[in-house]
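The values are calculated or read from the model by the stated rules, or taken from the named source; none is laboratory data. All figures in this text were calculated on a predicted structure; none of them were measured in a lab. Glycine gets a Cβ as well: all are built from the backbone with ideal geometry, and neighbour counts include every protein chain shown.
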Amino acid sequence: MSFQTPTDPQQTHYRHELLQAGLDLLDQGLTVIDGNLHIVAWNKAFLRLLDFPPEMAFVGATFESFMRFNAQRGEYGPGDVDALVDERMRLARSFNPHYTERDRPGGQILAVRGEPLPHNGFVTLYTDITASRRFEQQIQQQNAELESRVTERTAELQSTNQRLIEAMDANERITTALQRSEGNLRLITDTVPALIAYFDDQEVYSYANKGYADWFDCSKEKILGQQIRNVVGDEVYTDISHYVHRALQGHSVSYEYAMRRSDGRVMYARSELVPERDALGHVAGCFVLSVNITDLKNAEAALVHAQKMEAVGQLTGGLAHDFNNLLTVVIGNLVSLQERYPNDRDIGDYVLPALKASRRGASLIKRLMAFARKQPLMPRSVNIADLVDETLGLLQRTLPAHIEVSVDPMEERLYALTDAQQLENALLNLALNARDAMPDGGKLAIRAHRVQLGPAQAANFDVMPGCYVALNVLDTGTGMDAATQARAWEPFFTTKRFGTGSGMGLSMAYGFAKQSGGGIRIQSALGKGCEVTLVLPCSTEDVDAVPFMGEQPPFRQTLAQRPLVLLVEDDLDVRRVIRLQLVGLGYPVMEADHAADALLLLASVPTVGIVISDVVMPGGMDGLTLCKEAHHRAPHVKFLLISGYSRIENSLTAGSVNLPLLKKPFSAQELHQALDALSA
C-alpha cells in the first residue's frame, strides 16, 4: 500500500482519517489555522497540553476563542482581557513564524512554535519541554531546516497547483482541491520535528515523512515498499526486531536504539510503535513515531564523566591533605634521627631508604594534587614557540633513536596564559606516553596553533567559547579503544605492565588543563595512533606574571635576633616536628592547636614576631582568616601559611599583608628559606 494521489473522495476521506489518527498519537500538540484565523486541524495533545475543553475544538472555531479562554483564566497575566486578546490577535494576523515558551500553572513549560502556511494561516506545535531543555539546541537546528523545507515545498506546491488550475475544468478543480488538502497535510507531517512512518503486517513501509527518510539517509520514495530490514540495516534490525514483532502482536512498545553512520558517528533515537487494527480487530500495521536523542545521550555521557572526574578529584585532594601531614611527621622525625646520629651506619642503613621512600611519597602526593587541581600555579604569558623548543631539547635526550620527533613550524607568535613549568611537565608526560605506545619505533609530532572555539567546539573541551592556543601531540603508536579512552584521565589507571607506569601522567595533564581554564581531549583508535589536544587561554606578549606568593624583600636575622614564633597547627605530631625544626633553627616557639587560642596568645604576648599557621583547621576559623584577624590586632607581625591541601589557587592576601605559602611536607632548610624571605 502507498500514499498515491486519490481520485475517490471516499478514499481521500479515509486518508484524512489515517493522517488524523497518526497526528493524535503525537506527544506534541498541533493546530492548523487558516488565513481567517479559524482552526482547521488539531490533535488531542493540543487540548491536553493547554487544558482546553474538547468541545472548544471544531472545524471553523476561531483562534480568538482560545485566546480569550486563556486570558479569562489569567494565563497572560493581569490586565484588561479585551486588550490582552487584541494584542495577540494583532500578532497572529501578521502570519509570521514565532517561538515562545510559556509557563503553565503547576510548573509545566510549553514551547509554542508557529509556522506560516501557503495562502496565510499557520501550523503551530506545542511541546512540553519541562524535562527536555537539553533538546533546545537540537530543536533550534531542526527548526531552521524545517523552515527551509516548508519554503521549498510551498514553492513547489504553488507552482504545480497553478499549472493544474489553468488546465482543468470545474470537476478537475474539485480533485485538485482534494489533492492540495492532502498535500498540505503531508507538508505538515514533513514539518513536524519527529520521525514518522507506517509499516504493514508484512513489515513493509507504506509511509514515511521527510524526517524519517533523512534519518536513514535516503528519499521517501526509496523507503516505500521496502522491508524494514532493508531500510534500517541488519545491525539495527537485530536490535529492534523483538519490538517490531511485539507491536505486530498488538502491543504498544517504546525503545531506544543506536545507529552508526557511514562517517563513524553513533546516533541515538527513541521510538514508539503503535499498532493499527482493522475492522475485525486484526493488526494491519504499526505507526512509527521516533525522536533523535543523540544530543541528549552525548550530554548525559559528558555529565557522568565530569561528575566522576570531579568525585575522584575531591577524593584525591582530601587524601593528599592527610598524607602530607603524615609525611611531614615521618620525614621530620627521620631527618632529626639522621642529624642526631650522623656517624651511625646501622641507623643510616635504615633511615636513608625510609627517607627516600617518604620523599617519593611526597612526590606522588604532588601529582595527586595536580590531578585534583589544588596545586599552586604561577600563570603568566608564555611564548609557546620557546617553550616547545625547550621541551623538544629534553625529548631528544630522553626518547630512543627509533622514534622520530618533529615540531611543525608555527605560522604566528603564540602566547598562552599558563604556568610554564607545569605546561612543560604536561607536554613531557604526553610525549612519554606516546613513547610507551611505540615500542618498535614511530613518529611523534607536536603542533601548536591559535583556535577560536565556538559553542559546539568549546563543549568538547568543557570550556567557555573564545580564543585558545591548541597544542597537539600526535603519535603513530598502538592507539586506544573506547573503553581505555573513557578511563584515560583517572589517576593510577594504566594499561602498561606492572612496575612500568604509575598511571599519573595523563591525570596530571588533565588536572593542569582544567585548573588553567583550558581543556584536553583524546582522539584515537586501536592501531591508528593517538592525538591528544590541549587548549589553553590565549594571552598577549605583555601580560605580567601572576605570582602565587607576593614578592617580599629579604628578611635576614642573626641567630640572636630570631623573633618569637607562634606556631598554630591542630595535628599534635605535625606540630611537634615543626617545633623541633624551628628550635633547631634558633627560633623561640609558642604553640596553639586552633585559631581562638592563637588570638588569645597573640593578645597577651606582644613580643610575637611571626605567626606560622596551618590553612585548614577546626573550630570555624581557618589559617587565612586567622592571619587577617591577627593583622588587624598586631600589624607588626609577619605571617607564613603552611598546608598539605589548599583551595587557594593564585595568591593569598589579607588587607595589605602578603602571605607566602609553604607546602607540606617540607624540610628544615625549606622552612628556614621561607622564614628568611619574610619582609622586614
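Miscellaneous remarks
- Test: residue in the stretch 263-279 that is touching a strand residue (DSSP E or B) at 6+ places or on another chain (Cβ under 9 Å) and either in the same structural domain as Val123 (by TED's automatic domain parsing) or of a type in the set (Lys, Arg) (or both): yes
- Of all residues in the stretch 604-630 being free of Cβ contacts under 8 Å to residues at least 60 places away in the same chain and in contact with a Ser or Thr (Cβ under 8 Å, 6 or more places away or on another chain), the one that is farthest from His672 (Cα to Cα): Leu626
- For Leu47: the one exception among (1) closer than 27 Å to Gly107 by Cβ; (2) surrounded by fewer than 16 Cβ atoms within 10 Å (Cβ to Cβ): (2)
- Selection within the stretch 239-260 - over 16 Å from Ser290 (Cα atoms), part of a helix (DSSP H, G or I) and not aliphatic (A, V, I, L, M): His242, His245, Arg246
- Which listed residue, of Ala177, Ala213, is modelled with pLDDT of 75 or more, on the phi < 0 side of the Ramachandran plot and among the small types (Gly, Ala, Ser): Ala213
- Exactly one residue among Gly503, Gly527 is surrounded by fewer than 18 Cβ atoms within 10 Å (Cβ to Cβ) and either assigned to a strand (DSSP E or B) or at pLDDT 65 or above (or both), and that residue is Gly527.
- Single residue of the stretch 81-128 satisfying the filter (in a loop (DSSP other than H, G, I, E, B) and in contact with an Asp or Glu (Cβ under 7 Å, 6 or more places away or on another chain)) that is surrounded by the most Cβ atoms within 10 Å (Cβ to Cβ): Gly121
- Single residue of the stretch 325-341 satisfying the filter (closer than 13 Å to Asp571 by Cα and in contact (Cβ under 8 Å) with a residue 12 or more places away in the chain) that is surrounded by the most Cβ atoms within 10 Å (Cβ to Cβ): Thr328
- Residues that are surrounded by fewer than 16 Cβ atoms within 10 Å (Cβ to Cβ) and part of a helix (DSSP H, G or I), drawn from the stretch 616-628: Thr625
- Once the stretch 296-324 is narrowed to residues that are under 30 Å from Asp570 (Cα atoms) and of a type in the set (Asp, Glu), the residue that is modelled with the lowest pLDDT is Glu310.
- Matching residues, the stretch 396-426, being of a type outside the set (Asp, Glu), under 25 Å from Ser516 (Cβ atoms) and in a helix (DSSP H, G or I): Thr398, Ala420, Gln421, Gln422, Leu423, Asn425, Ala426
- Some residue of the stretch 191-205 being modelled with pLDDT of 90 or more, assigned to a helix (DSSP H, G or I) and within 30 Å of His282 (Cα to Cα): no
- Checked against (1) hydrophobic (A, V, I, L, M, F, W, C); (2) out of contact with any Phe, Trp or Tyr (no Cβ under 7 Å at 6 or more places or on another chain); (3) modelled with pLDDT of 85 or more, Val611 passes all but condition (2).
- Val236 being in a helix (DSSP H, G or I) and under 17 Å from Lys297 (Cβ atoms): yes
- Condition met for Ser667 (at pLDDT below 85 and more than 22 Å from Arg562 (Cβ to Cβ)): no
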